[in-house]
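The values are calculated or read from the model by the stated rules, or taken from the named source; none is laboratory data. All values reported here derive from a predicted model rather than from experimental measurement. Because the Cβ atoms are built from the backbone with ideal geometry, glycine has one as well, and the counts that use them run over all protein chains shown. The area values use the complete protein model at the heavy-atom level, side chains included, leaving out ligands, DNA and RNA. Shrake-Rupley method; radii C 1.70, N 1.55, O 1.52, S 1.80 Å.
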Amino acid sequence: MRAARVIAVVPAHNEAGAIGGVVDGIRSLHPHFDVVVIDDGSTDDTAAVAAARGAAVVSLPFNLGIGGAVQTGFKYALEQDYELAVRLDGDGQHDPAELPRLLAPIERGEADIVTGSRFASGDGDYRPPLARRIGISWFAGLVSLLTRRRVTDTTSGFQAMNRKGIALFADDYPNDYPEVEATVLVFKHRLRLTEVPVQMREREHGQSSITVVRSIYYMVKVTLALLMAMMRKVAAPAEESRR
């Protein structure tokens, strides 16, 4: 059987110190994957480093934020007719060695989107700062309540998806702090989402933009957005009808 075409979507903003290792890791472990780096208005050499390592690069003219960069990546995947996509962040925290674990439920026909969870196994050693830990727990509980499905890691951007998932996120992806809202979006569109336990690495370069103040803002804003999203009527993606 012909192997499915797979693309790794890597959003990155000012990650010149890490992006080369991310691209190298994907290409060395999964040489049949194509890689596209979405350079989100970086002011450093992120785009040049990624291109030098063999990745396709889409450079945005200014910083759109993580939601806009991720949606751009999935638009690229949809337009280039990829059948499977994986998403890894450009800071090196997502280990490419974990990708077969994410892809397995999709290849077995059990899921449309798979999220790598730091907490699904219940015995992981990931210990985020207190403010972030409170936010993660709050959103996991809230999304589980709203969707009536247990989820453990709604802030993870480590994902794999089939053509249905690519089409959904290319068409509609939240802009600001998007992963939590995107989880609800998946269930609202009746796609099958599952979590698999993964280990994530510590950031090697730069610093996270999530501070205590941002965490509080994040919790209030996204909670309101989730409640609004649950009141909207949406239809399942029409990708199958277009093929």
Can you find even one residue in the range 3-14 that is of a type outside the set (Asp, Glu), at pLDDT below 95 and in contact with a His (Cβ under 8 Å, 6 or more places away or on another chain)? yes
Is there a residue being closer than 17 Å to MET161 by Cα and among the β-branched types (Val, Ile, Thr) anywhere in the range 50-66? no
Could you tell me which of the residues VAL70, VAL86, VAL36 is outside any strand (DSSP E or B), in contact (Cβ under 8 Å) with a residue 40 or more places away in the chain and in contact with a helix residue (DSSP H, G or I) (Cβ under 8 Å, 6 or more places away or on another chain)? VAL70
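Condition check ((1) buried (at least 19 other Cβ atoms within 10 Å of the Cβ); (2) at pLDDT 90 or above) across all residues:
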| position | (1), (2) |
| --- | --- |
| VAL151 | yes, yes |
| THR155 | yes, no |
| ARG163 | yes, yes |
| SER209 | no, no |
Looking at (1) touching a residue at least 12 places away in the same chain (Cβ under 8 Å); (2) under 18 Å from the mean Cα position of the chain (by Cα); (3) open to solvent by 10 Å² or more (accessible area, probe 1.4 Å), which is the only condition PRO100 fails? (1)
Pairs, first under 21 Å from LEU64 (Cα atoms) in the range 159-178, second assigned to a loop (DSSP other than H, G, I, E, B), C-beta under 7 Å, six or more apart: ILE166/TYR82; ALA167/PRO237; LEU168/HIS189; LEU168/LEU191; LEU168/PRO237; ASP171/PRO237; ASN175/GLY65; ASP176/GLY65
Give PHE33, PHE62 a once-over and let me know the one that is open to solvent by less than 20 Å² (accessible area, probe 1.4 Å) and either over 16 Å from the mean Cα position of the chain (by Cα) or modelled with pLDDT under 95 (or both). PHE33
Can you name every residue in the range 166-178 that is open to solvent by 20 Å² or more (accessible area, probe 1.4 Å) and at pLDDT 90 or above? ASP171, ASP172
Could you grab me the full set of residues in the range 49-67 that are among the small types (Gly, Ala, Ser), free of Cβ contacts under 8 Å to residues at least 24 places away in the same chain and closer than 14 Å to GLU15 by Cβ? ALA51, SER59
Somewhere in the range 81-91, is a residue more than 24 Å from LEU191 (Cβ to Cβ) and buried (at least 20 other Cβ atoms within 10 Å of the Cβ)? yes
